[in-house]
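Read the figures in this text as sums done on the coordinates, not as results from a lab. Bear in mind the structure is a predicted one, so any value in this text is a computation, not a measurement. Ideal geometry is used to build each Cβ from the backbone, glycine not excepted, and the neighbour counts take in all protein chains shown.
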Amino acid sequence: MLDVRGIKKVYESRDRTVEAVRDLTFTLQAGELACLVGPSGCGKTTLLKIMSGLLDPTSGEVLLEGKRVQGPPPGMAVVFQEYGRSLFPWMTVRENVELPLKQKKLPATRRSELVEESLAAVGLAEAHGAYPWQLSGGMQQRVAIARAVAYEPHVLLMDEPFAAVDAQTRADLEDLIRDLWHKFQVTTLFVTHDIDEAVYLGQRVLILSNSPTVIRDDLAIDLPDQRDQLTTRSSPRFAELRARVYEQIHRVKPAVDKESVAPAGVG
Amino acid sequence: MTGILRRVGLMFGLPIVLLAAWWFASANSVDFFFPPLSKILESLVDEWFGPRLAADVVPSVLRLLAGYLLAVVLAVSLGVLIGTSRTVRGVLEPVLEFFRAIPPPVLVPIFMLFLGIGDGMKIVVIAFGCMWPILLNTVEGVRAVDSVLSDTARTYGITDSARLRKLVLPAASPQIFAGLRQGLSVAIILMVISELFAASNGLGFAVVQAQRSFAIAETWAGMLMLGLLGFLLAVLFRIVENRQLAWYHGLRRAQRSS
């Protein structure tokens, strides 16, 4: 479905080169919900930008359904962390969700169906006419998710989408992602720095190392399919898995302070 | 209701006080150069809202609008181009800085050489002068399009003309409107100046003509007329701006209160 092969990214500037991503290879199966977890500043955003065709890798390639990604592919939707900067503030919620569908040249009736269905699915059936800035942060991210779902992507990429919302909203949105995934069966890659979130959401967790990034482990999450914020998170198996991910991430402490050498935007 | 009355009172209070002060201070004036306000208002109504409205005011306003619209179209298209392309910016910026540094009034004699003294020359002078604030603001607005918004548009296949209409122009519109507002006041000044040199009608021409023929009340009234015209255009501009930028003002309020 989505093949990431030998991705390497080196940022070069006049006086120094920074190797953000060293060598990444993994495959997402169709219909899978995988989480990509790694420490802050480990090149997650770089990787996501490469996968979505926004950034060219230094070497390696990304294949979506067998076709090499060069520029954003039509079958992919991305939900960004910065919901406030990802929705068009001059458009209503409805117009925001509908715009990509217009661009896809779908007929008006089909557009309408998709907009209604996706907004209802994220619990915003009443908010069609509102502007994004009239909504709370969590609701804005719901709109961004609805827009991605309405686009009917084959692959949905999410870049730390809940990093900027409060804890309660975050739990609600995590459950929303599981629900949407069950409902629409979209292949989803969820990028996060939060270990609990990765284990709670995914069928599979890919653990990244510090920058220069490699895959440290690829862990199947054998928790029951119906997850619940209370019972799942307090189950012994959840704690075991969580501990395993934690160990992997903290196995090798960085030798130097990575924060100070990582270029802006590699977060 | 009382809120509206209060706002109307605040808006018109000072102008009424000023007019009243002028009225009483000048009521018994016998000074030739400072006629009583009653005489000036008489002239304003009889002359400027009489025969001169069609003969001078309307031609001036039409030239103003033609020059302004020409400038808007040129400056916004050029601004989008310059703001989008680093190469174009590098090539054009020094030249534009040079042209921008030339005070537009000195161009009137030069434009007269090859455009004559007709409407065409005046429209070009107005357009040339008022396009700079619009151009510079458009460039800045286009350059400042948010990177996340831009990435979002790319991932959803919003490119080329859709990108321009749905992303770049709306995102730059607060800046563009700031430029349009500055451009409008420059346009009014240049409308008058272009009529001072060589003209057979127009507000600027008529005011100078009145002054030279010692029609002092009419000269004062012409000044009032120009003030009223500028005020009216500013109000119309504000109405259009508030409609177009309603989202922006809402967004700013939401950001301030959070």
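Structure notes:
- Restricting A:49, A:44 to residues that are in contact (Cβ under 8 Å) with a residue 24 or more places away in the chain and either under 26 Å from residue B:171 (Cβ atoms) or more than 9 Å from chain B (Cβ to nearest Cβ) (or both) narrows the list to A:44.
- Taken together, the residues in the stretch A:163-176 that are without any contact (Cβ under 8 Å) to a residue 60 or more places away in the chain and in contact with a strand residue (DSSP E or B) (Cβ under 8 Å, 6 or more places away or on another chain) amount to 0.
- Yes/no for residue A:139 being surrounded by 19 or more Cβ atoms within 10 Å (Cβ to Cβ), within 13 Å of chain B (Cβ to nearest Cβ), free of Cβ contacts under 8 Å to residues at least 24 places away in the same chain and under 22 Å from residue B:146 (Cβ atoms): yes
- Filtering the stretch A:121-133 to residues that are of a type in the set (Gly, Ala, Ser) and within 14 Å of chain B (Cβ to nearest Cβ) leaves A:129, A:130.
- Residue check, residue A:55 more than 25 Å from residue B:247 (Cα to Cα) and outside any helix (DSSP H, G or I): yes
- Residue B:226 meets all of the listed conditions (1) more than 14 Å from chain A (Cβ to nearest Cβ); (2) loosely packed, with under 15 Cβ neighbours inside 10 Å but one, namely (2).
- For the stretch B:142-166, the set of residues classified as more than 9 Å from chain A (Cβ to nearest Cβ) and acidic (Asp, Glu) consists of B:160 only.
- Number of the exception - residue A:164 against (1) of a type in the set (A, V, I, L, M); (2) surrounded by 18 or more Cβ atoms within 10 Å (Cβ to Cβ); (3) in contact with a helix residue (DSSP H, G or I) (Cβ under 8 Å, 6 or more places away or on another chain): (2)
- Cβ pairs under 8 Å, 6+ apart, first in the stretch B:236-250 and facing chain A (nearest Cβ under 9 Å), second loosely packed, with under 15 Cβ neighbours inside 10 Å: none
- Members of the stretch B:15-40 found to be surrounded by 11 or more Cβ atoms within 10 Å (Cβ to Cβ) and in contact with a Leu (Cβ under 8 Å, 6 or more places away or on another chain), listed by number: B:19, B:22, B:23, B:26, B:37, B:40
- Scope the stretch A:150-172; condition away from chain B (no Cβ under 11 Å) and more than 13 Å from the chain's Cα centre (by Cα); matching residues: A:152, A:154, A:164, A:165, A:166, A:167, A:168, A:169, A:170, A:171, A:172
- Each residue in the stretch B:49-98 was checked for being touching a residue at least 12 places away in the same chain (Cβ under 8 Å) and either outside any helix (DSSP H, G or I) or under 14 Å from residue B:129 (Cα atoms) (or both), and 11 of them qualify.
- Those strands (runs of 3 or more DSSP E) of the stretch A:1-49 in which 1 or more residues are of a type in the set (Gly, Ala, Ser) and either touching a helix residue (DSSP H, G or I) at 6+ places or on another chain (Cβ under 9 Å) or crowded, with 17+ Cβ neighbours inside 10 Å (or both) occupy A:17-28, A:33-37.
- Of all residues making up the stretch A:178-200, the number that are surrounded by fewer than 24 Cβ atoms within 10 Å (Cβ to Cβ) and not in a strand (DSSP E or B): 14
- Test: residue in the stretch B:132-141 that is over 26 Å from residue B:55 (Cβ atoms), surrounded by fewer than 21 Cβ atoms within 10 Å (Cβ to Cβ) and within 14 Å of chain A (Cβ to nearest Cβ): no
- Residues of the stretch A:55-67 that are under 21 Å from residue A:43 (Cβ atoms) and surrounded by fewer than 21 Cβ atoms within 10 Å (Cβ to Cβ): A:55, A:56, A:58, A:59, A:60, A:61, A:63.
- Residue tally, condition within 13 Å of another protein chain (Cβ to nearest Cβ), closer than 22 Å to residue A:1 by Cβ and not in a loop (DSSP other than H, G, I, E, B), over the stretch A:66-120: 5
- Pairing each residue of the stretch A:224-239 that is among the polar types (S, T, N, Q) with any residue that is in a helix (DSSP H, G or I), provided the two are 6+ apart or on different chains, yields C-beta distances under 8 Å for A:229/A:171; A:229/A:174; A:229/A:175; A:229/A:200; A:232/A:200; A:232/A:238.
- Among all residues of the stretch B:104-114, there is at least one that is under 19 Å from residue B:179 (Cα atoms) and surrounded by 12 or more Cβ atoms within 10 Å (Cβ to Cβ).
- Test: residue in the stretch B:189-207 that is more than 14 Å from chain A (Cβ to nearest Cβ), part of a helix (DSSP H, G or I), more than 30 Å from residue B:113 (Cβ to Cβ) and touching a residue at least 40 places away in the same chain (Cβ under 8 Å): no
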